[in-house]
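Participant: Once you've had a glance at the structure underneath, I'll fire off some questions.
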Amino acid sequence: MQCRSSNDLIQFVTEAKSVIKNGKVADYIPALGRAKRDDFSIAIHYPDGNCISAGDIEKQFTLQSISKVISLALVLIDRGPDFVFERVGMEPTGDPFNSIAKLETMAPAKPLNPMINAGALVVTHMLKGNSVEERFSRLLTFIQELSNDPSVSYSTEVAYSEFETADLNRALCYFLKQHQIINEDVEQLLKLYTKQCAIEMNCLDLARIGMIFAMDGRDPLNGKQIIPIDIARICKTFMVTCGMYNSSGEFAIKVGIPAKSGVSGGIMGSVPGKFGIGIFGPALDEKGNSIAGIRLLELLSKNYNLSMF
Ligand code: GLU
């Protein structure tokens with residue numbers, strides 16, 4: 001699909017880029033440390049199929065935590081909200097995404113929400129299928145349909161790099177297994193989770209997925225309801241309350257749109273009823289959000305009055 005480069009967007013991107021010098025590329029997953037700090041791009045996808053962009057929107061990046069919203073949507077379709085929310089909660093934590101602290105204080109040790117790692121691991125555990133390969137392939141097919149891009153795949157390099165170093169996530173899994181929140185082999189679950197996080201696409205694909213959420217789960221171009229309305233609503237609510245790590249509250253005040261970010265520097269935004277946004281800028285702030293991405297969304301929200309509040 002063609003995406004038209006927009007002078008207004010280019011201007012906002014230029015302004016937002018000034019903060020990149022204060023950010024840092026994530027390197028706790030070694031393969032992510034090789035990202036170029038100055039990369040920065042955005043695509044906006046409208047329901048009528050139009051798209052505008054700025055920066056190199058061909059650049060591929062891995063979804064990381066952005067995948068958590070999509071796996072949640074699929075698991076809610078697979079199992080229904082009652083089953084899912086018996087095993088993972090609905091409350092924001094205010095803690096970093098990989099924190100183990102609250103798990104020990106909860107009885108049962110049910111993770112507080114599906115956007116923190118502990119909760120996302122439980123969600124991935126609930127993905128239906130007879131093997132890791134089948135569960136991953138179902139998720140990938142779902143993502144290909146949402147992005148309307150059958151070429152979307154995953155980075156074996158990033159998946160392997162995370163799998164080899166994910167000892168904190170391993171610890172979370174063992175804790176969850178000890179408390180019977182999950183009951184599968186931890187290495188198998190981590191294999192699936194790290195592949196999920198390493199699913200790779202560009203800004204345009206991401207903006208299209210954001211657009212589907214913005215349109216209540218319906219693909220306006222072929223009329224198909226890919227995600228049921230009530231499930232799209234649950235996902236967008238989590239994006240507002242816990243999508244931007246432990247600065248979700250500040251983001252809701254300053255930007256006011258459902259959004260989800262990942263440590264690769266991606267941000268998916270959904271402006272309800274209007275359009276989807278895909279951003280890639282790997283220089284992160286101290287909370288783990290793309291530093292220029294946040295600045296850009298603040299500028300867009302202010303200039304185009306995008307806040308839903
Ligand atoms: N794969 C990453 C992890 O589990 C995702 C983190 C993120 O993007 O917030 O640590």
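The values are calculated or read from the model by the stated rules, or taken from the named source; none is laboratory data. Since we're looking at a predicted model, the values are computed, not measured. No Cβ is skipped: glycine too gets one built from the backbone with ideal geometry, and neighbour counts run over all protein chains shown.
Participant: If only one of ASP82, ASP95 is charged (D, E, K, R) and over 24 Å from TYR28 (Cα atoms), which one is it?
Facilitator: The unique qualifying residue is ASP82.
Participant: Residue check: is PHE163 in a helix (DSSP H, G or I), within 30 Å of SER5 (Cβ to Cβ), in contact with a Lys or Arg (Cβ under 7 Å, 6 or more places away or on another chain) and of a type outside the set (Lys, Arg)?
Facilitator: Against the criterion (in a helix (DSSP H, G or I), within 30 Å of SER5 (Cβ to Cβ), in contact with a Lys or Arg (Cβ under 7 Å, 6 or more places away or on another chain) and of a type outside the set (Lys, Arg)), PHE163 does not qualify.
Participant: Assess whether GLY243 counts as being out of contact with any Cys (no Cβ under 9 Å at 6 or more places or on another chain), over 13 Å from ILE66 (Cβ atoms) and within 15 Å of the ligand (Cβ to nearest atom).
Facilitator: Here the answer is no, as GLY243 does not meet what is asked.
Participant: Only helices (runs of 4 or more DSSP H) wholly contained in the range 44-153 count here; list those with 3 or more residues that are in contact with a helix residue (DSSP H, G or I) (Cβ under 7 Å, 6 or more places away or on another chain) and within 22 Å of PHE175 (Cβ to Cβ).
Facilitator: Fully inside the range 44-153 and qualifying: 66-79, 117-125.
Participant: Taking the conditions exactly as written (under 24 Å from LEU32 (Cα atoms), under 21 Å from the mean Cα position of the chain (by Cα) and in a helix (DSSP H, G or I)), does ALA171 satisfy them or not?
Facilitator: no
Participant: Okay, moving on. May I ask you to list the residues in the range 205-221 that are away from the ligand (no atom under 16 Å from the Cβ) and either assigned to a helix (DSSP H, G or I) or at pLDDT below 95 (or both)?
Facilitator: ASP205, ALA207, ARG208, GLY210, MET211, ILE212, PHE213, ALA214, LEU221
Participant: Specify which of the listed residues (LEU176, LEU190, LEU168) is of a type outside the set (D, E, K, R) and surrounded by 23 or more Cβ atoms within 10 Å (Cβ to Cβ).
Facilitator: Result: LEU176 is the single residue among LEU176, LEU190, LEU168 that is of a type outside the set (D, E, K, R) and surrounded by 23 or more Cβ atoms within 10 Å (Cβ to Cβ).
Participant: Moving on. Scan the range 183-230 for residues that are of a type in the set (Asp, Glu) and within 18 Å of VAL75 (Cα to Cα) and jot them down.
Facilitator: Scanning the range 183-230 gives GLU184, ASP216, ASP230.
Participant: Here's another thing I want to ask about it. Only one of ILE253, ILE231, ILE279 is more than 14 Å from the chain's Cα centre (by Cα), over 20 Å from GLY89 (Cα atoms) and at pLDDT 95 or above. Can you tell me which?
Facilitator: The match here is ILE253.
Participant: Could you check GLY23 against (1) out of contact with any strand residue (DSSP E or B) (no Cβ under 6 Å at 6 or more places or on another chain); (2) farther than 15 Å from ILE209 by Cβ; (3) within 16 Å of the ligand (Cβ to nearest atom) and say which number it fails?
Facilitator: Status for GLY23: all satisfied but (1).
Conditions tested, residue by residue: (1) buried (at least 19 other Cβ atoms within 10 Å of the Cβ); (2) over 22 Å from ASN202 (Cβ atoms).
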| position | (1), (2) |
| --- | --- |
| SER65 | yes, no |
| VAL75 | yes, yes |
| VAL88 | yes, yes |
| GLU91 | no, yes |
| MET106 | no, yes |
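Participant: In the set PHE61, PHE85, which member is of a type outside the set (D, E, K, R) and touching a Ser or Thr at 6+ places or on another chain (Cβ under 6 Å)?
Facilitator: On inspection, the qualifying residue turns out to be PHE61.
Participant: Given (1) within 16 Å of the ligand (Cβ to nearest atom); (2) within 25 Å of VAL132 (Cβ to Cβ), identify the lone condition not met by PRO92.
Facilitator: PRO92 satisfies all of (1) within 16 Å of the ligand (Cβ to nearest atom); (2) within 25 Å of VAL132 (Cβ to Cβ) except (2).
Participant: Now for a different question. Filter the range 173-230 for residues that are free of Cβ contacts under 8 Å to residues at least 60 places away in the same chain and of a type in the set (Val, Ile, Thr) and give the result.
Facilitator: VAL186, THR194, ILE229, listed by residue number.
Participant: Can you tell me which residue among ILE253, ILE227 is more than 16 Å from the ligand (Cβ to nearest atom), more than 21 Å from GLN2 (Cα to Cα) and touching a helix residue (DSSP H, G or I) at 6+ places or on another chain (Cβ under 9 Å)?
Facilitator: Step by step, each of ILE253, ILE227 is checked, and only ILE227 is more than 16 Å from the ligand (Cβ to nearest atom), more than 21 Å from GLN2 (Cα to Cα) and touching a helix residue (DSSP H, G or I) at 6+ places or on another chain (Cβ under 9 Å).
Participant: So is LYS260 among the charged types (D, E, K, R) and either within 16 Å of the ligand (Cβ to nearest atom) or in a strand (DSSP E or B) (or both) or not?
Facilitator: So LYS260 fits the description; yes.
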